1. Amide H to amide H, which residues 5 or more places from residue 340 or on other chains are under 5 Å from it, using H placed in the peptide plane?
2. What are the ³J(HN,Hα) couplings of segment 150-156, residue after residue, when phi is run through the Karplus curve with 6.51, -1.76, 1.60 and θ = phi - 60°? Round to Hz, x for glycine and proline.
3. Enumerate the calculated ³J(HN,Hα) couplings along segment 398-406 in order (Karplus 6.51 cos²θ - 1.76 cosθ + 1.60, θ = phi - 60°), each rounded to whole Hz, writing x wherever the residue is Gly or Pro.
4. Per 5 Å bin, what percent of the C-alpha pairs of segment 128-286 does each bin hold, from zero upward?
5. Could you list which residues have their amide H under 5 Å from that of residue 452, counting only those 5 or more apart in sequence or on another chain, with H placed in the peptide plane?
6. Ranked by accessible surface with a 1.4 Å probe, highest first, in what order do 56, 413, 483 come?
7. Would you mind checking which residues have amide H under 5 Å from residue 107's amide H? H placed 1.01 Å from N; only 5 or more apart, or other chain.
8. Less than 11 Å Cβ to Cβ from residue 436, Lys/Arg counted +1 and Asp/Glu -1: what total charge do the surrounding residues give?
Amino acid sequence: MGQKGKRRPTPADGSVPVEIPDAEHELVVERAAAIDVCKQSGKVCVRQPGNSGRRFSRVWDVSARTGAITELAEQLVRLRIEKVTVESTSDYWRIWYYLLEDQGLDVQLVNARDVKNVPGRPKTDKLDAVWLAKLTEKGLLRPSFVPPAPIRRLRDYTRLREDLTRERSRYWQRLEKLLEDAAIKVSAVASALDTVSARDMIEALIAGERDPRRLADLARGRMKTKRSELIAALDGRFDDHHAELARLLVGQIDSLNVQIGALTARIEQLIAAMSESDHDSHDHRGSDAAESQAASQAGTGDQPTVPGPGESAEIGVGTDAATAIEYRRLTVVERLDEITGIGQRTAQTIIAEIGLDMTRFATPEHLVSWAKLCPRSIQSGPISRSGKTGMGNPYLKGALGEAAVAATHTNTFLGERYRRIVKRRGKLKALVAVARSILTIVWQLLSDPTARFHDLGPDYHTSRVANERKVRNHIAQLTAMGFHVTVQPAA
């Protein structure tokens, strides 16, 4: 009697086998290429089948210049290369990735940490390129996230704005140190040196005014009530050389202000252009979905549902025409701005770092893991522990960290989440947890262009989660005593 079919192997301990499907990048590639990147050149390796059926490698050097890389791209196209792997070495990978991508090749960027050579083998550029090509053809490399060209352009503007903002903060600190050297303690009275009153006093000092009473008369608004403190703080040793240095520092600050303002205006233009194209594409799909939803409800007699607290409303499902028009009118920055702790500038930075297409990240957990806002899971036998979160994207983590700090001072769900976690895990881990929650909300809003942020409220855990836990505990206790429990909400 013949065997009808293969039986799945059963582990000796009786546990159920878990099937883990391969990811898209884990497919075997017949014709692959890899590039070990250096500053001046790159070592290129091509793996392809030979006439005898055995695979072989070809390795040669290519200069890191536009013309040479363009010729290489044309050659790889003629060889019918299916995938090209570029190692992310500093910023030297950019010219290779961009030019090969422009020629229509399937290029993937991989972290240098993931492609380390096997210990015990010689370390040469040629062997590194061959090893990288072999890993590529067997689908053993996980590609890094590289946003499309429009997001890359936006990212250049936002990152430069962030760098200039930090540089401006350094100049303010240098100015404060200069005032301290001159025994001017205005920063101890004013909330900051960039206020209108403090700036007028500094300009007067630079212009030659030394009388502390006349300087204190320049105070405005609530600073006028601190006149006696200002007189004492402005009585110092500010001389001509302090005035000359202060003029240089103030000039640098004003120049940076102009540059930051120009970058902000350009960033708003780029995001507005992307939002318009994104709205147009979603409006076309949304109208089709609304028509099908209306036809489905007309056929079944169902009424549209109204979203409850903490749920996001969708166009065509629980929304009227006016609400739908309002959703289409809001830009992506305005929708992210509704999240607790996020302002327009932070929203612009987040969009520039992760893009608008959330199909790159299958779930919010994938995005959180990529941003390194969750600890590593380390398991060995029966022991499981958490590792470090990792470095991640410094610009994204910085923006989310600022948003998390701002959210901790609010009476909202995110603020209460911080206060619940900080008691047992500490401030740093509580801030990371809040930043992770914010990034999860961002993923939900970007995945659904019609979704809106709704705060769950500071009493979410006490009024909902805690009650559900209490109900489960009481039911379990009564069931253990032999009772059959049926829970029905009160009218």
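1. none
2. Whole-Hz 3J(HN,Hα) from phi for segment 150-156: x, 5, 5, 5, 4, 4, 4.
3. Karplus values, whole Hz, x for Gly and Pro: x, 5, 5, x, 5, 5, 5, 4, 5.
4. Over segment 128-286, the share of Cα pairs per 5 Å bin runs 1, 8, 13, 13, 10, 8, 8, 7, 7, 6, 5, 4, 4, 3, 1, 0 percent.
5. Sorted by chain and number, the residues that satisfy this are 313.
6. Output order, biggest surface exposure first: 483, 56, 413.
7. Distant-sequence amide H within range of residue 107: 84.
8. Residues near residue 436 contribute +3 overall.
The values are calculated or read from the model by the stated rules, or taken from the named source; none is laboratory data. Everything quoted here is computed from the prediction, not taken from an experiment. Please note: Cβ atoms are built from the backbone with ideal geometry, for glycine as well, and neighbour counts cover all protein chains shown. Side chains included, ligands, DNA and RNA excluded: accessible areas come from the protein's heavy atoms. Shrake-Rupley method; radii C 1.70, N 1.55, O 1.52, S 1.80 Å.
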